[in-house]
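What follows is a set of notes on a single structure, which appears directly below.
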There are 2 protein chains.
Amino acid sequence: MDLTETQIDSVLAHDGDFLKVHKDHARMPDGSVSSREYITHPGAVAILALLDNGNLVMERQFRYAPRREFVEIPAGKIDKGEDILLTAKRELLEETGYVASEWIHLTSAWPSIGYADERIEYFLAKGLSHQGSQLDEGEFLEVFELGLDEAIDWVRQGKIDDSKTIVGLFWLEKTLKNWAI
Amino acid sequence: MDLTETQIDSVLAHDGDFLKVHKDHARMPDGSVSSREYITHPGAVAILALLDNGNLVMERQFRYAPRREFVEIPAGKIDKGEDILLTAKRELLEETGYVASEWIHLTSAWPSIGYADERIEYFLAKGLSHQGSQLDEGEFLEVFELGLDEAIDWVRQGKIDDSKTIVGLFWLEKTLKNWAI
């Protein structure tokens, strides 16, 4: 069955500082026309930063939209035209102060396919050494270490409930225990 | 460290059919003022529908924002004021045609904490029987069965790369193999 929906027209319904809302008409598989409202996003990276002692570098951060703190892996938006590995290196250094000697691209995943074209690129970073963080203006977060098994247990307990972080931990556990890379 | 960001003011910058974009000023932990742009979302449910033969009920669906097909678990938005279990029962029936005799709430997870307040409620549905689907207008999808181990392998291969589905599979595997519920 061909499920493709084909764009007929598109308007930029909201041109925000960061959020660009598009509203299109699209041709459905049965020939009918439907509206499609969605956000375009530059994409992001997320980093499983594995210390030599086996712990992960984690962050505690207040997120304004849901109005609470979350425990997360380091992550950040891709600057326009930026190579994703450079984004990952930049974000890890800015947010946590770490540089890594080994970078492995694990996977890509899509957090919000119902209304955004955002794709998150996951990296495993190893051979970490601390150089000192350089947070962006208006960015506040706390960095701490957490073992993988404890992180998985935090998912079970609901102490980690950020989907980006759960996907990253899933991949890291599989990569270290089940899958060859 | 107190990381709380406190709302100073808020405007509805875009009042779309579905996407509501808000732009606030907020007080940062250091007393400075920053802008925060975000979407309010009614929340959603996602369902691990486990057949008596051990297979999962899965969907193949074209997603307009990323402009491609995805393999997903059944999911849908919560109607305003709707009980989340009713949403789950409604969406499973509408999209796949199945009703379940046993429902277990697994967890909640947040797909896009950087710019949306959406929370997804995950349910495990068992004791399934087929009654016939009733898709919403403008909704097109294909339903099929997939074993859990094969689904996990599809994640490894990148054939499943929807974060909502990966989080659901992670929880289902842990629930069936590692965690008591």
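Worth pointing out:
- Whether chain B is rounded, prolate or oblate, judged on the alpha carbon gyration tensor where a/c under 1.5 counts as rounded: prolate
- Charges were assigned to the Cβ only: +1 to each Lys and Arg, -1 to each Asp and Glu. The resulting dipole of the range B:36-181 about its Cα centre is roughly 400 debye.
- Taking the label point 7 Å along Cα→Cβ, B:ILE8 and its counterparts in the other copies are spaced 4.4 nm apart, in ascending order.
- For the range B:112-126, the Karplus equation 6.51 cos²θ - 1.76 cosθ + 1.60, evaluated at θ = phi - 60°, returns couplings of 9, 5, x, 8, 8, 9, 5, 10, 10, 9, 9, 10, 9, 10, 10 Hz by residue, with Gly and Pro reported as x.
- Rounded to the nearest 10 Å², the accessible area of A:MET1 at probe 1.4 Å: 130
- For the range B:104-109, Karplus couplings with θ = phi - 60° (6.51, -1.76, 1.60), whole Hz, Gly/Pro x: 10, 6, 8, 5, 10, 8
- A cut-off of 5 Å between modelled amide H atoms, ignoring neighbours fewer than 5 places along the same chain, links A:GLY16 with A:VAL21.
- Long-range HN-HN contacts of A:THR40 with modeled amide H, under 5 Å: A:LYS20, A:HIS22
- 32 Å Cα-Cα threshold exceeded, pairs from A:LYS77/A:LYS177; A:LYS89/A:LYS174; A:LYS177/B:LYS89; A:LYS80/B:LYS174: A:LYS177/B:LYS89; A:LYS80/B:LYS174
- Computed from point charges on the beta carbon alone (+1 for Lys and Arg, -1 for Asp and Glu), the dipole magnitude for the range B:45-85 about its Cα centre is near 340 Debye.
- Cα gyration tensor category, rounded, prolate or oblate, for the range A:76-127 with a/c compared to 1.5: prolate
- Copies compared at B:SER108 - label distances in nm, ascending, label defined 7 Å from Cα in the Cβ direction: 3.2
- Shielding by other protein chains, B:65-76, mean Cβ within 10 Å: 4
- For the protein assembly as shown, Kirkwood radius (reciprocal of mean inverse C-alpha pair distance, Å): 21.2
- Part-to-part distance (alpha-carbon centres) for the range A:87-114 and the range A:13-48, which is given in Å: 24
- Shortest-first distances to equivalent copies, position B:GLU145, nm, label 7 Å out along Cβ: 4.9
- The 3J(HN,Hα) values that the Karplus relation (6.51, -1.76, 1.60; θ = phi - 60°) gives for the range B:166-173 are, in residue order, 4, 4, x, 5, 4, 5, 5, 4 Hz. Gly and Pro appear as x.
The values are calculated or read from the model by the stated rules, or taken from the named source; none is laboratory data. All values reported here derive from a predicted model rather than from experimental measurement. Cβ: placed from backbone, ideal geometry, glycine included. Neighbour counts: every protein chain shown. Heavy atoms of the whole protein, side chains included, go into the accessibility calculation; ligands, DNA and RNA do not. Shrake-Rupley method; radii C 1.70, N 1.55, O 1.52, S 1.80 Å.
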